[in-house]
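This report refers to the structure that appears directly beneath it.
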């Protein structure tokens, strides 16, 4: 077993205290005990240990939906993706047979796995199932909008992005996703104003100049687009290696300065 850090050890001590207190009340089952331990290990980044605890719990209660989902999460972190998918699918199957059993985390996990495989159709189906559990959820609507962009279904993407912004009008991810779909729809003035809203909320957000760079590139304003993209890089744009392949920057693909700054940012 790997050495446990101070924060991890603290979580495990708290978990043990919980077991002791509940044990005095006589209300702790063995599967629950394993699940709580697994959760403590998972939160501490001890994914192999979390998996072992999940398997011990499932050995005595194989239909425990919560433990199956936690097991799938641990398997995902260990990059054992086919096994993670099987565990999520079993959790969904069992959850459907039980009333009032929440399986939203399993839908989320399956959607992420499908996205990793670029299976956008399946990802959309899983996010739609998740959205049924909470139609106003900002994150789910935002993710659905992103998936719909990948599928080229821009009307649906805009619908979900607007639903997210309607609930959380200052959410950076929701605003950026809305601006992006508006860009792909050719609604450049609306896209520009949406990216400007991000800057108004958070002047240090890299997504604002990045979004503006996309609009300017679409408009053929090469110099201004590269200037804004340089600003976004300075503000630590996430996933800089993806910039060179972003379809929004297709008009700049052969530009030497664009190639230089994206290559430099990717180092």
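Enter the mean projected area of the convex hull around the alpha-carbon atoms of segment 162-222, in nm², rounded to one decimal.
3.7
How big is the shadow of the Cα convex hull of the chain, averaged over all directions, in nm²?
17.1
Tell me the angle of helix 172-184 to the major Cα principal axis of the chain, expressed in degrees between 0 and 90 and rounded to the nearest ten.
Roughly 50 degrees between the two axes.
Report the full-extension gain for the segment residue 43 to residue 29: residue separation times 0.36 nm, less the Cα-Cα distance, to one decimal in nm.
Taking 0.36 nm per residue and subtracting the Cα distance, the gain is 2.9 nm.
Roughly what % of Cα-Cα distances in segment 191-231 sit above 13 Å, to the whole percent?
44
Among 176, 249, 195, 184, which comes first, second and so on when ranked by fewest other beta-carbon atoms within 10 Å?
With the sparsest Cβ surroundings first, the list reads 184, 249, 176, 195.
State log₁₀ I(q)/I(0) for segment 20-112 at q = 0.25 Å⁻¹ as given by the Debye formula over alpha-carbon point scatterers of equal weight, solvent excluded.
So the normalised log intensities work out to -1.27.
For a protection proxy built on the mean count of beta-carbon atoms within 10 angstrom, sort 116-128, 135-147 highest first, please.
135-147, 116-128
Against the longest principal axis of the chain, how steep is helix 138-151, in degrees 0 to 90 to the nearest 10, with axes from Cα atoms?
Relative to the chain, helix 138-151 is tipped by roughly 60 degrees.
Do the sum for the chain: with -39,500 (n - 2.57) for every DSSP H run of n ≥ 4, divided by all residues, what is the mean residue ellipticity at 222 nm, to the nearest 500 deg cm²/dmol?
Here the helix-only value at 222 nm equals -23500 deg cm²/dmol.
With a 10 Å radius around each residue's Cβ, average the other Cβ atoms per peptide and rank 219-232, 151-164, highest first.
Answer by packing, highest mean first, reads 151-164, 219-232.
With axes computed from alpha carbons, what is the tilt in degrees of helix 104-116 against the longest principal axis of the chain, rounded to the nearest 10 within 0 to 90?
So the inclination is approximately 50 degrees.
Cβ neighbours within 10 Å, averaged per peptide: list 105-111, 94-100, 187-193 in order, most packed at the top.
105-111, 187-193, 94-100
Give me the percent relative contact order of the chain, please, defined on Cα pairs under 8 angstrom at least 6 residues apart.
Here the relative contact order equals 8 percent.
Give the Cα extents of segment 69-141 along the principal axes, in whole Å, largest first.
If we take the Cα atoms of segment 69-141, the spans are 31, 28, 18 Å.
Three principal axis extents, largest first, for the C-alpha atoms of segment 113-267, in Å?
Result, largest extent first: 47, 34, 27 Å.
Please compute the modelled spin-label separation between residue 102 and residue 134, points set 7 Å along Cα→Cβ, answer in nm with one decimal.
Here the modelled spin labels are 0.7 nm apart.
FYI, it's all coordinate maths here, none of it is from the lab. It should be emphasised that the depicted structure is a prediction, and the values quoted were computed from it without experimental measurement. Virtual Cβ from ideal backbone geometry, glycine too; neighbours counted across all protein chains shown.
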